[in-house]
1. Which count do you get for residues in the stretch 1-36 that are touching a residue at least 24 places away in the same chain (Cβ under 8 Å) and within 26 Å of Leu150 (Cβ to Cβ)?
2. Hey, does the stretch 16-23 have a residue that's under 14 Å from Val131 (Cα atoms), surrounded by 15 or more Cβ atoms within 10 Å (Cβ to Cβ) and within 15 Å of the ligand (Cβ to nearest atom)?
3. Does Phe154 satisfy the criteria of being in contact (Cβ under 8 Å) with a residue 24 or more places away in the chain and not in a helix (DSSP H, G or I)?
4. Considering every residue within the stretch 63-73, establish whether at least one is under 19 Å from Val140 (Cα atoms) and either surrounded by 20 or more Cβ atoms within 10 Å (Cβ to Cβ) or not small (Gly, Ala, Ser) (or both).
5. Pairs please, first residue from the stretch 95-108 and closer than 17 Å to His28 by Cα, second anywhere and more than 13 Å from the ligand (Cβ to nearest atom) and not in a strand (DSSP E or B), Cβ atoms under 7 Å, 6+ apart in sequence or on different chains.
6. Is it true that Ser157 is away from the ligand (no atom under 16 Å from the Cβ) and within 11 Å of the chain's Cα centre (by Cα)?
7. Could you pull out the residue among Ser99, Ser41 that is more than 9 Å from the ligand (Cβ to nearest atom) and at pLDDT 95 or above?
8. Does the stretch 76-88 hold any residues that are away from the ligand (no atom under 12 Å from the Cβ) and in contact (Cβ under 8 Å) with a residue 40 or more places away in the chain, and which are they?
Amino acid sequence: MQEHHFKIAYREYAPNELPAEVVTLFQHAKAALKDAYSPYSKFRVACAIRLVNGEIVTGTNQENASYPAGICAEGTALGACASLHPNVGAKELFITIASDAFQVEQIAAPCGICRQQLLEFETRFNTPVSVWLGIEGKPVIRLASVKDLLPLAFTKSDLL
Ligand code: THU
């Protein structure tokens, strides 16, 4: 028997330590929060993606009366990227949240399905995508790659 360990590093930035281009990405994500459609959960999620060509694309969660039919912010953002800028990979993305029901005090990380979708995008273009997670006035977390969010992932190499 052998025991293996994953070593996953992430960085924590004080708000005033964020690089200028990340502040811009955060601003895009925050501005997009108003477009979330979340009458059921009252929970808003926005994802701003900076593509390798410099374009910034945002997406928000879009809920549905048939709850499982709702789409997460990361999924709408990725779909918008692939539709508006076909075949362009991403450099980094910023996910932020807000609630219409309570004061959000801590950042949220992407759900499992979003991790899988984000990983497909990263793998597809073979470029690491930095993942930034933050809310206003709190430390921001940065993972260097989506892979760090999904160890032992199921990917296209399992199928092709
Ligand atoms: N949500 C996202 O948009 N992204 C995630 O990674 C986690 C959850 C949305 C789905 C739903 O509209 C609301 O947050 C509450 O789960």
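The values are calculated or read from the model by the stated rules, or taken from the named source; none is laboratory data. Please read all numbers here as calculations on a predicted model, not as lab measurements. Glycine gets a Cβ as well: all are built from the backbone with ideal geometry, and neighbour counts include every protein chain shown.
1. Here the count works out to 18.
2. no
3. yes
4. Taking the stretch 63-73 first, the residues under 19 Å from Val140 (Cα atoms) are 73.
Okay, now just the ones that are also either surrounded by 20 or more Cβ atoms within 10 Å (Cβ to Cβ) or not small (Gly, Ala, Ser) (or both), so 73.
The answer is yes; a qualifying residue exists.
5. Qualifying pairs under 7 Å: Thr96/Phe26; Thr96/Lys30; Thr96/Gly134; Thr96/Ile135; Ile97/Ile135; Ile107/Gly134; Ile107/Ile135; Ile107/Lys138.
6. So Ser157 does not fit the description; no.
7. After ruling out the rest, the residue left standing is Ser99.
8. Within the stretch 76-88, just Cys81 meets the criteria.
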